[in-house]
Amino acid sequence: MKAKVAVGIDLGGTNLKVAAVSEDGRALASRITRTDASRGPDAIIADMVDLVDAVLAEAGRLRSDCAGVGVGSPGPLSPTSGRIIRCANLPGWDDVPLRARLADRLKLPVVLDNDANAAAYGEFWVGAGRDGADMVMLTLGTGVGSGVIVKGRILHGHFENAGELGHMIIVPDGLSCGCGQRGCLEAYASAAAVSRRVIEKRPNTAAGLDAEQVAREARRGDAICLSVWTETCRCLALACVNIQHAFNPARVVLGGGMALAGAFLADPVREELRRLRWTLHDDLPEIILAELGSEAGVIGAAGLAWSLTRHGS
Ligand SMILES: [Zn+2]
């Protein structure tokens, strides 16, 4: 008998990723396809079912060899009821009972969580947090996604929206955020925000700079890029102080496009965090870079399916 696998699904506005993953977190087979969000939920759910069968076949497994299916999706959504409430990037996904619909089609246990939580779980399971200590992950991409892992479980909170750390306020009356508040971490530390702030400071730049180019220019000593980068690292350090006091994790994992800058991001955040440290005790979280890159979500979704076999829902 072949060892069982779990299947992870990472549903995004652009791509749909599916992977068959072993119990020790290795992707045995994976597929990626364009989501083509305009087709609506029915067609995309049908694609998910086909892709689950395709990765199982490629891994040499049957549905009966599959321990379960985990789905990471944009939200808001309810992990408890398995329903997607709404998705900004997926038109028509209003109150869709995704877990029930997949479970019904696949005849397998299905677990649903939001994409940032799935990515955090992936890093916790087999990436930067794999030693099992409490961790918080910040995914610095188009927005700032985050997930909080406490005692091996994702923290959901009473209203199931815990860990929206991208919207913690870092600068009172600061820059406007897409959520309607001002001064959110996301308005400063997402890759998109870094790029936008540089463009605002030098409007004559013909083509804007993306976050990677801002990091490169800052390294070369460009004054505007360097000031934006420094401010960004300071905001992240402030966020880490707040995270320390709220959750007291062993580590904060930085992922997403911004993390491609590596030590140029992590070192100034560590330095600023040490400068801001609260002196009553010495429990500063370790700041480390994510290890799984863009695979964190799909691997983490499969990890959630595996955890279902251990803990139940
Ligand atoms: Zn916000």
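What's the number of the condition ARG197 fails, among (1) more than 16 Å from the ligand (Cβ to nearest atom); (2) more than 22 Å from the chain's Cα centre (by Cα); (3) not hydroxyl-bearing (Ser, Thr, Tyr)?
Failed condition: (1).
Would you mention how many residues in segment 237-274 are more than 13 Å from ALA189 (Cβ to Cβ) and either among the aromatic types (Phe, Trp, Tyr) or not in a helix (DSSP H, G or I) (or both)?
Residues meeting the conditions: 8.
Okay, residues lined up against (1) in contact with a Pro (Cβ under 6 Å, 6 or more places away or on another chain); (2) under 16 Å from GLY300 (Cβ atoms); (3) at pLDDT below 95:
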{"site": "GLY8", "(1), (2), (3)": "no, yes, no"}
{"site": "GLY12", "(1), (2), (3)": "no, yes, yes"}
{"site": "LEU16", "(1), (2), (3)": "no, yes, no"}
{"site": "ALA20", "(1), (2), (3)": "no, yes, no"}
{"site": "ALA27", "(1), (2), (3)": "no, yes, no"}
{"site": "SER38", "(1), (2), (3)": "no, no, yes"}
{"site": "ALA46", "(1), (2), (3)": "no, no, no"}
{"site": "VAL49", "(1), (2), (3)": "no, no, no"}
{"site": "VAL52", "(1), (2), (3)": "no, no, no"}
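Out of all the residues in segment 163-186, which are over 12 Å from GLY145 (Cα atoms) and either more than 9 Å from the ligand (Cβ to nearest atom) or in a helix (DSSP H, G or I) (or both)?
ILE170, VAL171, PRO172, ASP173, GLY174, LEU175
Where in segment 43-142 are there strands (runs of 3 or more DSSP E), lying fully within it, with 1 or more residues that are buried (at least 24 other Cβ atoms within 10 Å of the Cβ), of a type in the set (Asp, Glu) and touching a Leu at 6+ places or on another chain (Cβ under 8 Å)?
110-114
With (1) touching a Ser or Thr at 6+ places or on another chain (Cβ under 8 Å); (2) of a type outside the set (D, E, K, R); (3) surrounded by 19 or more Cβ atoms within 10 Å (Cβ to Cβ) as the list, and ILE199 as the residue in question, which single condition is left unmet?
Every listed condition holds for ILE199 apart from (3).
Looking at this structure, is ARG34 surrounded by 13 or more Cβ atoms within 10 Å (Cβ to Cβ) and closer than 17 Å to LEU11 by Cα?
For ARG34, the condition - surrounded by 13 or more Cβ atoms within 10 Å (Cβ to Cβ) and closer than 17 Å to LEU11 by Cα - is not met.
Quick one: count up the residues across segment 221-236 that are in a helix (DSSP H, G or I) and either more than 20 Å from the chain's Cα centre (by Cα) or over 14 Å from LEU276 (Cα atoms) (or both).
The total comes to 11.
Please indicate, with yes or no, whether at least one residue in segment 242-250 is more than 21 Å from the chain's Cα centre (by Cα) and of a type outside the set (S, T, N, Q).
Checked against the condition, which is being more than 21 Å from the chain's Cα centre (by Cα) and of a type outside the set (S, T, N, Q), segment 242-250 yields at least one hit.
The values are calculated or read from the model by the stated rules, or taken from the named source; none is laboratory data. Computed from a predicted structure; not experimentally measured. When we count neighbours, we look across all protein chains shown, and the Cβ atoms used for this are built from the backbone with ideal geometry, even at glycine.
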